[in-house]
1. Mind checking the angle between helix 167-195 and the chain's longest principal axis? C-alpha axes, 0 to 90 degrees, to the nearest 10.
2. Determine the per residue accessible area of region 246-299 with all protein chains present and a 1.4 angstrom probe, expressed in square angstrom.
3. For the chain, what is the mean residue ellipticity at 222 nm derived from helices alone (per DSSP H run of n ≥ 4: -39500 (n - 2.57); sum divided by total residues; nearest 500 deg cm²/dmol)?
4. Can you tell me, using C-alpha contacts under 8 Å and at least 6 residues apart, the relative contact order of region 186-271 as a whole percent?
5. Got the relative contact order for the chain handy, in percent, Cα pairs under 8 Å and 6 or more residues apart?
6. Can you pull the percent of Cα pairs in region 170-291 with separation above 18 Å?
7. How large a share of the accessible area of the chain, in percent, is made up of carbon and sulfur atoms when the probe is 1.4 Å and the other protein chains stay in place?
8. Report the trypsin sites (Lys or Arg not before Pro) located in region 7-67 that are in a DSSP loop and have at most 14 other Cβ atoms inside 10 Å of their Cβ, or state none.
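The values are calculated or read from the model by the stated rules, or taken from the named source; none is laboratory data. What you are looking at is a predicted structure, and each value in this text was computed from that prediction instead of being measured. So basically every Cβ, Gly included, is an ideal-geometry build from the backbone, and we count neighbours across all protein chains shown. SASA here: full protein model, heavy atoms, side chains in, ligands and nucleic acids out. Shrake-Rupley method; radii C 1.70, N 1.55, O 1.52, S 1.80 Å.
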Amino acid sequence: MKERIGFIGLGSMGAGMADNLMRKGWPLTVCVHRSRTAADRLIEAGATEAATPRKLAAACDVVILCVTGSREVEMLVKGPDGLAAAGKPLLVIDCSTSNPSSTTALAAELAPQGVMLIDAPLARTPKEAAEGKLDVMVGGPAEAVARARPVLEAFAARVVHTGPTGSGHTMKLLNNFVSMGYSAIYSEALTLGVKAGLTPQVFNSVISGSRMDCGFYQAFFDFVLNRNENAQRFAIVNALKDMTYLASFAQAADVANPIGAAVRNGFATAVATGHGDKFVPALSDIIAGLNGVSLVEPPAR
């Protein structure tokens, strides 16, 4: 018999994940965190709704959280009507991008209450979430990961056990550091190119198909060249949040992180100038604009 699954965080990633759980026969209960759109669709398809996280926990064996970060996770778990308030054994799978230090502290606090928290952050995009082809990095004890694996495989093509609790979120920060670092480099390189008379199209004709090409590059440049706003649906404000978590992690580990600081400052500048709600590839336009150029060729007259 399949375990009863609870889900909080039905945003651009969570909606596709929950759809896959439903389609693959997992009993699903949802709790609305922000928008009702995906929740109403899932309820119409047979999911149950819980009014609060505590009621969700009471009705489920496993709860998946897919929210913004540590602050939201702690509120949903420890709040007066949170998951832990149900007072029952529970496996909580945090698919958010959270601060590893918060994750390990929260897991230790919950364990005496019979609540097992493991971290299972995600890689790839809402498209792969809908297709059930996400990558998942899981941190936690082997037995808890083994229990979670069939649930995760409902929406993931690849599940990697990274080590103890907190290691999944650590790996996710490193993953995002690399991808956001690419974004910052692409953006500055494009601006330098335009300043020198090299269009984004020329830049792409050299990089695309070369050793420096990759899936992330292709998604980023789908925006740069084709103005596809949905090519990479990850908000700049969330990129800044993740790079801030990385800075905290580096400081706690006594690691000099100058490149991380530079990447973070690029996203902080974008947020400070009012662009936080835009998706990451728009950083290219923001950096260009700050330097008085445009990556979009004016229409021919």
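1. Compared with the principal axis, the helix lies near 20 degrees.
2. Per-residue accessible area for region 246-299 comes out at 55 Å².
3. Numbers: 13 runs with 151 residues, N = 301.
My calculation for the chain gives -15500 deg cm²/dmol from helical runs alone.
4. Working: 42 pairs, mean separation 16.5, N = 86.
It rounds to 19 percent for region 186-271.
5. Values: 543 pairs, mean separation 40.8, N = 301.
Relative contact order here is 14 percent.
6. 50
7. Its accessible area is 57 percent carbon and sulfur atoms.
8. On the way: sites: R23, K24, R34, R36, R41, R54, K55; in loops: K24, R34, R36.
When the trypsin sites (Lys or Arg not before Pro) of region 7-67 are filtered for loop state and at most 14 Cβ neighbours within 10 Å, K24, R34, R36 remain.
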